[in-house]
Amino acid sequence: MKVRLLHTADVPPSHVRSAFSGLAPPLLPGESILFRGSLASSYDRSRAQYDAASVLELVPAPEPGWLNLLLVGVDLFVPALTYVFGLTHLAGGRGVLSLARLRPPEENALSEEVLSHRLRVEVAHELGHAAGLVHCVVNDCPMHRSLWPESVDLKNPDFCASCLALLPRAK
């Protein structure tokens with residue numbers, strides 16, 4: 001499955017490269033494209049966040065054999081949660097992922113390394129959902145549920161054996 005990484009202008013090129021660098025088979029880097037659409041209609045003034053479901057609808061459906069992931073710098077939410085890292089149509093081939101909550105609060109060289117790791121893990125997570133995988137019980141699998149940024153640090157960007165075995169049968 002080839003990955004098309006769409007990204008908004010507020011996502012630094014280094015983060016786009018990090019997202020592609022962590023792809024594990026059967027996911028293959030395809031292309032990265034600057035997203036030209038506007039997220040303005042997805043902004044919720046009362047929450048000062050962007051509605052993840054609304055943003056997800058802006059992501060184009062991929063061609064067969066491809067997965068589309070939109071990488072954004074804005075903070076995402078769904079109505080039932082304070083924030084989400086991302087949102088994906090299960091087995092729908094497309095998703096959205098935000099850098100906003102993945103950034104460590106400190107600003108130093110280590111924080112870039114932490115952000116890069118979190119980004120690779122969550123890219124695998126959202127692409128796994130896009131390919132049809134559900135949450136996994138294996139703690140270090142990228143498909144394991146993460147409710148806070150520090151829990152992402154405990155995961156590996158490579159799929160566990162069980163999830164990997166399901167990917168070829170997924171969309």
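Among the residues in the stretch 118-126, are any touching a residue at least 24 places away in the same chain (Cβ under 8 Å), small (Gly, Ala, Ser) and assigned to a strand (DSSP E or B)?
Checked against the condition, which is being touching a residue at least 24 places away in the same chain (Cβ under 8 Å), small (Gly, Ala, Ser) and assigned to a strand (DSSP E or B), the stretch 118-126 yields no hits at all.
On the basis of being over 29 Å from residue 64 (Cα atoms) and either in contact with a strand residue (DSSP E or B) (Cβ under 7 Å, 6 or more places away or on another chain) or modelled with pLDDT of 95 or more (or both), does residue 152 make the cut?
Here the answer is yes, as residue 152 does meet what is asked.
Six or more apart or on different chains, Cβ atoms under 8 Å: show the pairs whose first residue is in the stretch 146-157 and over 10 Å from residue 121 (Cβ atoms) and whose second is not in a loop (DSSP other than H, G, I, E, B).
149/118
Any idea which of (1) in contact with a strand residue (DSSP E or B) (Cβ under 6 Å, 6 or more places away or on another chain); (2) of a type in the set (Gly, Ala, Ser); (3) within 29 Å of residue 163 (Cβ to Cβ) is the one residue 42 doesn't satisfy?
For residue 42, the exception is condition (3).
Counting just the residues of the stretch 73-94 that are out of contact with any helix residue (DSSP H, G or I) (no Cβ under 9 Å at 6 or more places or on another chain) and part of a loop (DSSP other than H, G, I, E, B), which one comes out modelled with the lowest pLDDT?
The selected residue is 80.
What about residue 110, is it closer than 20 Å to residue 17 by Cα, more than 11 Å from the chain's Cα centre (by Cα) and in a strand (DSSP E or B)?
No; evaluated as a whole, the condition is false for this residue.
Can you give me the number of residues within the stretch 73-85 that are within 13 Å of residue 126 (Cβ to Cβ) and either of a type in the set (Asp, Glu) or surrounded by fewer than 24 Cβ atoms within 10 Å (Cβ to Cβ) (or both)?
So the count comes out to 1.
Report, by residue number, each residue of the stretch 128-152 that is part of a loop (DSSP other than H, G, I, E, B) and either in contact with a Leu (Cβ under 6 Å, 6 or more places away or on another chain) or surrounded by 15 or more Cβ atoms within 10 Å (Cβ to Cβ) (or both).
Passing the criteria: 131, 132, 133, 136, 138, 141, 142, 143, 144, 146.
Can you name the number of the only condition in (1) in contact with a helix residue (DSSP H, G or I) (Cβ under 9 Å, 6 or more places away or on another chain); (2) surrounded by 13 or more Cβ atoms within 10 Å (Cβ to Cβ) that residue 160 fails?
Just one mismatch for residue 160, condition (1).
When only residues in the stretch 51-72 that are in contact (Cβ under 8 Å) with a residue 60 or more places away in the chain and assigned to a strand (DSSP E or B) count, which is surrounded by the fewest Cβ atoms within 10 Å (Cβ to Cβ)?
Ranking the candidates gives 66 first.
Can you give me the number of residues within the stretch 89-118 that are farther than 25 Å from residue 46 by Cβ, out of contact with any Leu (no Cβ under 6 Å at 6 or more places or on another chain), surrounded by 21 or more Cβ atoms within 10 Å (Cβ to Cβ) and not basic (Lys, Arg)?
Number of matching residues: 0.
The values are calculated or read from the model by the stated rules, or taken from the named source; none is laboratory data. Keep in mind that what you see is a predicted model, and the values were worked out from it rather than measured. Reconstructed Cβ throughout: ideal geometry from the backbone, glycine too, with neighbour counts over all protein chains shown.
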